[in-house]
Every structure is written in C-alpha cells, then in structure tokens.
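Please read the structure below before turning to the comments.
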Amino acid sequence: MRKALKEFLSNSRSMLIMFSIIWTLLLVTTLLDNKLATHIMLNSFHNPGLDVFFKLITYMGTLIPLGLGIAIVLLNIRKGWYIVLSQIFAFLITQPFKFGFAHKRPALLFYEHDVELPNVVDDVTLNTACNSFPSGHTSAAFALFTCFIAITPAKYRWLQITWLIMGWLVAYSRVYLSQHFAEDILFGSVIGVVASLLAYVCLYRKEWGERPLFKRCKLNKK
C-alpha cells in the first residue's frame, strides 16, 4: 500500500500542487461573499460559443467516464479497472453527502430569494432539487482525469496539465450552467481526487493486468 501511495504521489505531485493552488483560489473567492453573489460573479462570462462548449463538456461528468473505463479494460485490464473503480468510489462517497446535506440547487435558492438567475443557457433544464452539495459531475470528472494523470508518465507533463484543465472545465461547466454553486464543485473535485487515489492504492499494490483483456494467442510453428 505504501509503495502504491508513493508512486501515485510521485507521478502526480506537480499536478496535485497545481490542483491545490486552483482549489485554494476558488475557496477564497467563495469566502469573500455569499453564495448567490459568488455565483453571479462566476457566471458573468457568457457567449453563444461558450454555451455550446460547456453544454457538451459537462457530459464528461455523467456515465461517460465509466464507459471509458470499461472500454479501456479491453486494451489494458488494470488501467481500465482503475478508472471503473475510481468511478464507483466517487459515486459511493458523493451520494451520502448529497442527501445528507440536502443543499438547494442554484435555481431553487435564487427563486426563494427572489433574485433572477443570471445568464440561463438555452435548452438546459435547471435542476431544482435539494441535492446540490457536492457536485456528482465534478467528482466523476475529477476521478477520471486524476486517473489519467496518475497513469500518464511524468515526462509527459503537458498531457497531465491537459487532464487537470479538463477536470476544472467540467467542474466550471456545472456553475456556468447554473446546476451547482462553487462550493459544490470545490468539494466534488476533492472527492474525485480521493476516489482516484483510493482506487490506485487498491489496484497498484502489485504488478498485474498490464495487458489487453483478450490476449492474442501465438501459434506454434513447427
């Protein structure tokens, strides 16, 4: 377990530091004002191109990561199961918090305070349930992209940075589309990282499964 943990932290150290810096900056932003004002501020940069972009990228927090993991199993058993297990952990950690805290979604809270919800994106159905905290899309996305960071060699730093940016873009899409508040994506991102770490420690304690699911058989030539 210690060896796997050390490998994870060693290969992902730079990205985890960058993640922590962005996370801290966003946390400070949320503490400077109330959640409605913070949401309005973070949701003030809209245009038609970004509307389309964030409506699409937000799907990376649905069942797509799980599907990718299952597909990758065909190419590499351990890496695929790593992604699948991280998604399971992210779901199991997120759901009790969602229904335990029962925080109101932006659309509902703005309505109750008689404040107009800013920049509502066309063709987006606003969730009005009391299950806003934390963001499940964000935890799923960060579990996926943290897995990608962990299995990407550190020498490909540019690719690790790309995965980190992708995680934050999916997270921000939830605010952009007014489905979550900033605090929801903050803690959803932590859950995703933790889920990936737990899955890594479970599956990378020893060497196994670094091969396709269906290994090609070699014919013996006489």
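We did not get these values from a lab; they are worked out from the coordinates using the rules stated. All values reported here derive from a predicted model rather than from experimental measurement. No Cβ is skipped: glycine too gets one built from the backbone with ideal geometry, and neighbour counts run over all protein chains shown.
Run the helix sum for the chain: -39,500 (n - 2.57) per DSSP H stretch of 4+ residues, divided by residue count, reported at 222 nm to the nearest 500 deg cm²/dmol.
Numbers: 9 runs with 148 residues, N = 222.
Rounded to the nearest 500, the figure is -22000 deg cm²/dmol.
Label the range 7-47 by shape, choosing from rounded, prolate and oblate, from the square roots a ≥ b ≥ c of the eigenvalues of the Cα gyration tensor; if a/c is under 1.5 it is rounded, and otherwise prolate applies when a/b is larger than b/c, oblate when it is not. Intermediate values should be presented prior to the final figure.
On the way: a/c = 4.98, a/b = 2.36, b/c = 2.11.
It is prolate, given that a/c is not under 1.5 and a/b is the larger ratio.
For the chain, take the longest principal axis of its alpha carbons; what is the angle in degrees between that and the long axis of helix 182-203, to the nearest 10 within 0 to 90?
The angle comes out near 10 degrees.
Given H placed on each backbone N at 1.01 Å, which residues far from Arg105 in sequence or on other chains put an amide H within less than 5 Å of it?
When sequence neighbours closer than 5 places are left aside, the close amide H contacts are Ala129, Asn131, Ser132.
By its C-alpha gyration tensor, with a ≥ b ≥ c as the square roots of the eigenvalues, how is the range 87-158 shaped: rounded for a/c under 1.5, else prolate for a/b larger than b/c, else oblate? Before the final figure, lay out each step's value.
Numbers: a/c = 3.61, a/b = 1.84, b/c = 1.96.
Oblate shape, in that a/c is at least 1.5 and b/c is the bigger or equal ratio.
In the range 144-198, which trypsin sites (Lys or Arg not before Pro) are in a loop and have at most 11 other Cβ atoms within 10 Å, using DSSP for the loop call? Present the calculation step by step, with values, prior to reporting the outcome.
Details: sites: Lys155, Arg157, Arg174; in loops: Lys155.
Counting only loop positions with at most 11 other Cβ atoms within 10 Å, the trypsin sites (Lys or Arg not before Pro) in the range 144-198 are Lys155.
Which is the longest part of the chain that has none of the GluC sites (Glu not before Pro) sitting in a DSSP loop with at most 10 other Cβ atoms within 10 Å?
Working: sites that count: Glu116, Glu207, Glu210.
My reading of the result: 1-115 is the longest stretch.
How far is helix 77-101 tilted off the main Cα axis of the chain, in degrees rounded to 10, range 0 to 90?
Its long axis makes an angle of about 30 degrees.
To the nearest 0.05, what FRET efficiency results for Phe99 and Leu25 with a Förster distance of 30 Å applied to their C-beta separation?
Working: r = 29 Å, r/R0 = 0.98.
Approximately 0.55, to the nearest 0.05.
Given Lys3/Lys55; Lys6/Lys79; Lys55/Lys98; Lys55/Lys104; Lys55/Lys206; Lys3/Lys155, which pairs have Cα atoms separated by over 29 Å? Walk me through the numbers before you get to the answer.
Details: Lys3/Lys55 40 Å; Lys6/Lys79 18 Å; Lys55/Lys98 22 Å; Lys55/Lys104 21 Å; Lys55/Lys206 40 Å; Lys3/Lys155 20 Å.
Distance filter (> 29 Å) returns Lys3/Lys55; Lys55/Lys206.
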